1. In the set R355, R371, which member is over 24 Å from the mean Cα position of the chain (by Cα), at pLDDT 90 or above, outside any loop (DSSP other than H, G, I, E, B) and assigned by TED's automatic domain parsing to the domain that holds A314?
2. Just wondering, is there one or more residues in the stretch 41-57 that are at pLDDT 75 or above, assigned by TED's automatic domain parsing to the domain that holds T133, in contact with a strand residue (DSSP E or B) (Cβ under 9 Å, 6 or more places away or on another chain) and closer than 30 Å to L146 by Cβ?
3. Can you confirm whether the stretch 247-254 contains a residue that is free of Cβ contacts under 8 Å to residues at least 24 places away in the same chain, in the same structural domain as K196 (by TED's automatic domain parsing) and either of a type in the set (A, V, I, L, M) or more than 30 Å from V193 (Cβ to Cβ) (or both)?
4. Test of understanding: among N224, N228, N191, N179, which residue is of a type in the set (S, T, N, Q), touching a Ser or Thr at 6+ places or on another chain (Cβ under 8 Å) and farther than 24 Å from T320 by Cβ?
5. Residue by residue through the stretch 153-184, note down the ones that are within 21 Å of the chain's Cα centre (by Cα) and within 15 Å of L233 (Cα to Cα).
6. Could you list, in sequence order, all residues of the stretch 190-221 that are over 24 Å from L146 (Cα atoms) and under 31 Å from the mean Cα position of the chain (by Cα)?
7. Scan A208, A202 and give me the residue that is under 18 Å from N164 (Cα atoms), in the same structural domain as S167 (by TED's automatic domain parsing) and at pLDDT below 90.
8. Among (1) touching a residue at least 40 places away in the same chain (Cβ under 8 Å); (2) touching a Pro at 6+ places or on another chain (Cβ under 7 Å); (3) over 21 Å from D171 (Cβ atoms); (4) not polar (S, T, N, Q), there is one condition Y385 misses while meeting the rest; what is its number?
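The values are calculated or read from the model by the stated rules, or taken from the named source; none is laboratory data. Bear in mind the structure is a predicted one, so any value in this text is a computation, not a measurement. Glycine also receives a Cβ, built like all others from the backbone with ideal geometry; neighbour counts cover every protein chain displayed.
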Amino acid sequence: MYITKQTRLKIKLNSILMLCLFIVSAALLAWFTYKNSVAYDWTATGRHTLSDASIEILSKMPEKIQIISYARETPFLRSSIKKFVGKYQRYKANIVLTFVNPDTSPDEARNLGITVDGEIIVRYKGRSEHLKTDSEQVFANTLKRLLRNQERWIAFVEGHGERNALSASKDDLGGWANNLLKEGYRIQPINLVETKVIPDNAKILIIAGPTNNYLSNEVEIILNHIDNGGNLLWLHEPGSLYNLDKLAEKLSIEFQKGIIIDTVGQEIGIKDPTITFITKSLYQAHPITKDFDFVTLFPMAAAIKLIKSDEWNAKPILNTGKHTWSETGKLEGEIELNIDNEIQGPLTLGLSLQRNIEVDENNELVKKEQRIVVLGDGDFLSNTYFSNNGNGELGTRMINWLSNDDDFILIPSKTIMDAQLKTPFLILGILGIGFLFLAPIVLVSIGILIQIRRKKQ
């Protein structure tokens, strides 16, 4: 067959035209993809898609969200963070992600309290929150906290040898308090002799293990705080109440004599029986301990006894095991339970108190729910122990509940399902025979037919 010059020219022009059309189509597709980011999640659990709860929060945040990640220049780490933030950027375009290398900006990282490679600071409308994990639930709750209009102040009572919220000493609470600051709380130590009143903006009052007596007028200030619907975290240590007997009476509680002895520690190599171990099975049904799987440690703790009251709705948070007891004797030598005068476990180590109350706010009666948490130990949140297992997290959960933040979003984790293909044996046999025998036969047959056709031509 003879091909003319004119035919050759037409073929070339058609080829050029098809190439141009391909390039233009590819360019248009790229532009459309850039302008209209569309992604489809084909995973069975939808693990690459935001939950409706997260999307709803984003819809309430019209302003720019700035995300700064203090991550070293590790490709995998930065890529993982980009992928995580990208899920949110698909729903909200004005989320800006910036990376800062903590190794090249050490002063900045240190001043901001950066402790984890990849730690994120989320900023919105002049407020900021720290984020140490790329969990959707944690991030959603972080955004929710940033939406708050009011600052949440925590007042730490001082002046009686209480644990100091601003100190790095081993017995004080500086480490835990620093975590609370990162959660968006504001901390204010108060001396009741000087202030003579608990500030109205104090969301929570904390009494953390006093070692000296309170004055009568100071006790009255605390009782007025309770009468006015104020929330309280009371971290009691074994021994004296230091003139806070009226507070215990107001709350309808008693602290049992002695120190809790827990022998389970000996099974895991911890010889000190005065350290109480609380595991998953010992956490009671409560918003504070919901889905809380960590072990918590309580050194030198006291048990709490609840006196029946129609005023308070009391619920245990932490109970000890059956192998524990309140030791009233000397803590030396081999310590054994004296059934005659010592109380055997289970014992209540922490409990919550709630009641509905009407309070006067600006000459108007307002109904509110009052919340109080009482624990027979404060050591567990000290700088020595708060970072052990779940101690610090439990303390933060208590504060969140006391500040009425128990409505945190609970987003089920989207786990990767088993990717193993499970096929019946009969089907596997048919597929095996097909690939081993039928497929080659079909291919060979097609080849033979093609050869026969060529010979006929």
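1. R355
2. no
3. Step one: of the stretch 247-254, the residues free of Cβ contacts under 8 Å to residues at least 24 places away in the same chain are 248-249.
Subset that is in the same structural domain as K196 (by TED's automatic domain parsing): 248-249.
Subset that is either of a type in the set (A, V, I, L, M) or more than 30 Å from V193 (Cβ to Cβ) (or both): 248.
For the stretch 247-254, residues free of Cβ contacts under 8 Å to residues at least 24 places away in the same chain, in the same structural domain as K196 (by TED's automatic domain parsing) and either of a type in the set (A, V, I, L, M) or more than 30 Å from V193 (Cβ to Cβ) (or both): present.
4. Residue meeting the stated conditions: N179.
5. W153, I154, L173, W176, A177, L180 - these are the residues of the stretch 153-184 that are within 21 Å of the chain's Cα centre (by Cα) and within 15 Å of L233 (Cα to Cα).
6. Within the stretch 190-221, I190, I198, I207, A208, G209, P210 qualify.
7. It is A202.
8. In the conditions (1) touching a residue at least 40 places away in the same chain (Cβ under 8 Å); (2) touching a Pro at 6+ places or on another chain (Cβ under 7 Å); (3) over 21 Å from D171 (Cβ atoms); (4) not polar (S, T, N, Q), Y385 misses (3) alone.
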